[in-house]
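The values are calculated or read from the model by the stated rules, or taken from the named source; none is laboratory data. The structure displayed is predicted, hence computed values, not measured ones. With ideal geometry, Cβ positions are generated from the backbone for all residues, glycine too; neighbour counts draw on all protein chains shown. In case anyone asks, the SASA skips ligands and DNA or RNA and just uses the protein heavy atoms, side chains included. Shrake-Rupley method; radii C 1.70, N 1.55, O 1.52, S 1.80 Å.
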Amino acid sequence: MKFKALYEAGFHDLVSIIPPNAELSAMSKIQADQAGKAPGRQNAQGTWGGYGWQDYTPTANDVERWDRSHANIGLKASKFPAVDIDVVNEGLARVIGDMAVKALGKAPMRIGRYPKRLLMYHSDERIGKMQVRFRDGMGVEQLVEFLGDGQQYVIGGIHPITREPYSLDVDLAAKGPACLKLVTREKIETFFSDCIVTGK
């Protein structure tokens, strides 16, 4: 998956993400362990630093440059929110994923570090971050988040821990933004209420 193909498909809210093992600029305040998930661009010296991604709309030249730099591919969550199921219990991750699909609709699923998963949606509302934390039957803390306005998430590139490519079960470049189901604040809040009950 390439920035350029996604851009041409209609995803203009793309974010350049610092790839794992990237050399950070001496001026950067980004920590090395954030490489792979923190927004950043490569400078003329070949090192990486942050940029004002929240208010930046990339151009066609930008996305070509980001492809050449092998940046991880990020997407702003304001228009394209996501449910991030940060759950390491395989059975529970699957149950919560099924709950999200039932409440919000079928969605492209991104896998970085299985069984964790992220489901992508579309929204016309500016919906802020929501989250629920709970402990599973083994006492391990689990987290489910709604990534929304002012946030971003990675949809392509190399995962910083597994060092394997992220996978998506839908070709976003071929289908475009129209393949993402529309969600509302009401639907999201209902889903998270159900998650709280499940986690008890």
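Some notes on this structure:
- Scanning segment 23-32 for residues that are surrounded by 17 or more Cβ atoms within 10 Å (Cβ to Cβ), of a type outside the set (Gly, Ala, Ser) and part of a loop (DSSP other than H, G, I, E, B) yields a single hit, Ile30.
- Enumerated strands (runs of 3 or more DSSP E) restricted to segment 33-148, each holding at least 1 residues that are touching a residue at least 40 places away in the same chain (Cβ under 8 Å), among the polar types (S, T, N, Q) and surrounded by 14 or more Cβ atoms within 10 Å (Cβ to Cβ): 72-76, 141-147
- Residues that are under 15 Å from the mean Cα position of the chain (by Cα) and closer than 16 Å to Glu164 by Cα, drawn from segment 1-40: Met1, Ile17, Ile18, Pro19, Ala35, Gly36, Lys37
- Matching option when the condition is farther than 17 Å from Lys79 by Cα and not in a loop (DSSP other than H, G, I, E, B), among Ile188, Ile196, Ile155: Ile196
- Applying the condition of being in a loop (DSSP other than H, G, I, E, B) and closer than 13 Å to Gln152 by Cβ to segment 1-22 and asking which residue is most open to solvent (accessible area, probe 1.4 Å) yields Asp13.
- Residue match in segment 163-181 (condition: part of a loop (DSSP other than H, G, I, E, B) and basic (Lys, Arg)): yes
- Put simply, of Ala178, Ala174 the only residue that is over 17 Å from Gly105 (Cα atoms), modelled with pLDDT of 95 or more and not charged (D, E, K, R) is Ala174.
- Residue count, segment 159-170 (criterion: surrounded by fewer than 18 Cβ atoms within 10 Å (Cβ to Cβ) and either in contact with a helix residue (DSSP H, G or I) (Cβ under 6 Å, 6 or more places away or on another chain) or touching a residue at least 12 places away in the same chain (Cβ under 8 Å) (or both)): 7
- In this structure, Ser28 does satisfy being farther than 16 Å from Gly148 by Cα and of a type in the set (S, T, N, Q).
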